[in-house]
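Report on the structure given below.
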Amino acid sequence: MIYFDASYLVRLYYSDRGFEEVRHLASTDNLACAQHGEAEVIAAFHRKYREGSLTSSVYRLVLQQFANDIRADAFTWLPLSPAILERVRVNFETLPVRNFLRASDALHLATAGESGFRQLYSNDRNLLAAAPHFGLRGLNVIN
């Protein structure tokens with residue numbers, strides 16, 4: 001099983017830069033993501049709709065396909081827990097001041113680490129830069 005953050009999951013449905021590499025990687029293993037990643041993906045689809053990258057009809061189709069995939073257990077959604085929130089707190093206490101890290105990205109890192117993953121995939125440079133601080137190897141297959 002491999003861990004994708006929301007930026008990679010979006011590329012399974014939308015042809016952003018690097019989608020071919022992400023889709024190829026996704027075809028090699030089962031996918032896991034923190035539970036809040038589901039909301040992040042839906043919000044990303046809405047942003048693309050709002051910005052005009054998706055028409056109304058395509059937006060609805062993408063949302064429906066994502067919902068179908070969720071119902072078909074295409075993803076393992078890892079629940080948030082007190083241990084994950086504790087890991088976020090502890091890691092922010094010692095996170096170097098130079099690291100910019102959003103709360104949702106810290107949740108991805110803590111969830112992956114707490115769930116036994118040694119690495120995770122993302123193209124978010126801030127998440128990737130903070131990954132070692134959480135004991136993880138951040139990987140990006142997008143060229």
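For this structure, a couple of remarks:
- When both segment 86-100 and segment 38-73 are represented by their alpha-carbon centers, they are found 32 Å apart.
- Using a Gaussian network model of the chain in which every pair of alpha carbons under 10 angstrom is joined by a spring, one finds that among L107, L31, L85 the greatest mean-square fluctuation is at L85.
- With the helix formula -39500 (n - 2.57) applied to DSSP H stretches of n ≥ 4, the chain reaches a computed 222 nm mean residue ellipticity of -15500 deg cm²/dmol.
- Taking other C-beta atoms within 10 Å as the exposure proxy, H46, H24 rank H24, H46 from fewest upward.
- Of the residues G116, S27, L139, the one whose Cα sits farthest toward the positive end of the charge dipole of the chain, with +1 on the Cβ of Lys and Arg and -1 on the Cβ of Asp and Glu, is L139.
- Using θ = phi - 60° and Karplus 6.51 cos²θ - 1.76 cosθ + 1.60, couplings along segment 15-25 (whole Hz; Gly, Pro as x): 8, 5, 3, x, 4, 5, 5, 5, 5, 5, 4
- The phi torsions of segment 70-83, fed into the Karplus equation with coefficients 6.51, -1.76 and 1.60 and a -60° offset, translate into couplings of 4, 4, 8, 6, 5, 10, 9, 8, 8, x, 6, 9, x, 5 Hz, rounded to whole numbers, with Gly and Pro shown as x.
- With at most 14 neighbouring Cβ atoms within 10 Å, loop trypsin sites (Lys or Arg not before Pro) (DSSP) excluded, longest segment of the chain: 18-97
- DSSP-assigned coil residues among chymotrypsin sites (Phe, Trp or Tyr not before Pro) in segment 57-101, each with at most 15 further Cβ atoms within 10 Å: F100
- Residues with amide H under 5 Å from that of A34, placed H, sequence gap 5 or more: L78
Where a number appears in this text, it was derived from the coordinates with a stated rule and is not lab data. As the structure is a computational prediction, the values presented were derived from the model and not from experiment. Note that we place each Cβ from the backbone using ideal geometry, even for glycine, and neighbour counts take in every protein chain shown.
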